[in-house]
Amino acid sequence: MDDKAAVDLSVTIGPLELKNPVIAASGTFGYGLEYQSIVDLNLLGAIVVKGTSLAPKDGNPPPRIVETLSGMLNAIGLANIGVQAFIEEKLPLLRDLDTKIIVNIYGQRVEEYGELAAALKGVDGVDALEVNISCPNVDCGGMAFGTDPRISREVTRKVLEKTDKPVIVKLTPNVTDIRPIAMAVEEAGAHAISLINTLRGMAIDIETRRPVLANITGGLSGPAIKPVALHMVYQAAKAVNIPVIGGGGIADHRDALEFLIAGARAIEVGTTNFANPRATIDIMEGLRGFCSAQGISSIKEIIGSLKTG
């Protein structure tokens, strides 16, 4: 038998059982279907679909993407077709895949999160919800939900009240300390957390002296943010007992291994999909090859194995 084939890459995220820890991140993989001519989607641990709202949303005006050194800024504005169109048009095609489908949801009010969870309750083919709490909070004067432990807890509880799916809460890095937020959503009953979302940033055209993005600011992602993301995942994994999904600047299997060693039980692959559409598969194969070369029979032996003493 091939030694690589003998490596067990399976992991559990609360009630979810994934065949491997590689997850395609929301917003960078469309609905997954856009990649199916390039990537065998059945090989992935999971796919997180585009951020989904109650009603269709056009997003921000262009320009809304700009490259930066070792990364990119985006101000897409969470454009999507809305939850009903997702259920009717996209989900029937995703149900045929042999991988977990996670729906990323976001709202502008706490109640909207509950309504979205209710709309997806009992829907066949949806394996879990990823709750984006990095959105502007209208109820709190425009502050992002995820910067306040109390509101983060409230959103998590509202979703859990209305759903029959495992709930993963995606945390914003735009806070002084990630740990109180992580502990608040764990206390509320979240099955897992994922982090990090993008860091806030901007770019300026020096010729016109105007912001490059029409929205002025955007979210920074890509390899530039990996050290920040890795540190926050390390902090969160020590602060909570629920599984942590790590992401932020992962470009290859070595990056992925750093997050797993730091305590993440799975990883999300985002911006690098634009540079290498097969990145998810390359990372999965790289993890299998590394374990085989090291004589490691299960990826679980790597998770949380950081030595600091």
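Each reported figure results from applying straightforward, stated rules to the coordinates on display, with no laboratory input. None of these values were measured; they are calculated from a predicted model. Note: ideal-geometry Cβ built from the backbone for every residue, glycine included; neighbour counts use all protein chains shown.
Brief remarks follow.
- Neighbour-limited loop hits for trypsin sites (Lys or Arg not before Pro), the stretch 1-107 (at most 12 other Cβ within 10 Å; DSSP other than H, G, I, E, B): R95
- Förster radius 35 Å - calculated FRET efficiency between Q294 and R179, Cβ distance, rounded to 0.05: 0.65
- Helix-only mean residue ellipticity at 222 nm for the chain, each DSSP H run of n ≥ 4 adding -39500 (n - 2.57), per residue, nearest 500: -8000 deg cm²/dmol
- Cα gyration tensor category, rounded, prolate or oblate, for the chain with a/c compared to 1.5: rounded
- DSSP bridge orientation in the stretch 3-301 - percent antiparallel, rounded to nearest 5: 40
- Rounded if a/c under 1.5, otherwise prolate or oblate - the stretch 177-309, Cα gyration tensor axes: oblate
- Top of I81, I47, I23 by mean-square fluctuation, Gaussian network on the chain, Cα under 10 Å: I81
- Overall form of the stretch 1-150 per C-alpha gyration tensor (a/c, 1.5; a/b vs b/c): prolate
- Rounded to 5, the percent of DSSP beta bridges in the stretch 179-309 classed as antiparallel: 50
- For the stretch 120-130, 3J(HN,Hα) computed residue by residue from phi via the Karplus equation (6.51, -1.76, 1.60; θ = phi - 60°) reads 9, 5, x, 7, 5, x, 9, 8, 6, 10, 10 Hz, glycine and proline entered as x.
- Over the stretch 3-301, Cα pairs under 8 Å with separation of 6+ residues give a relative contact order of 21 percent.
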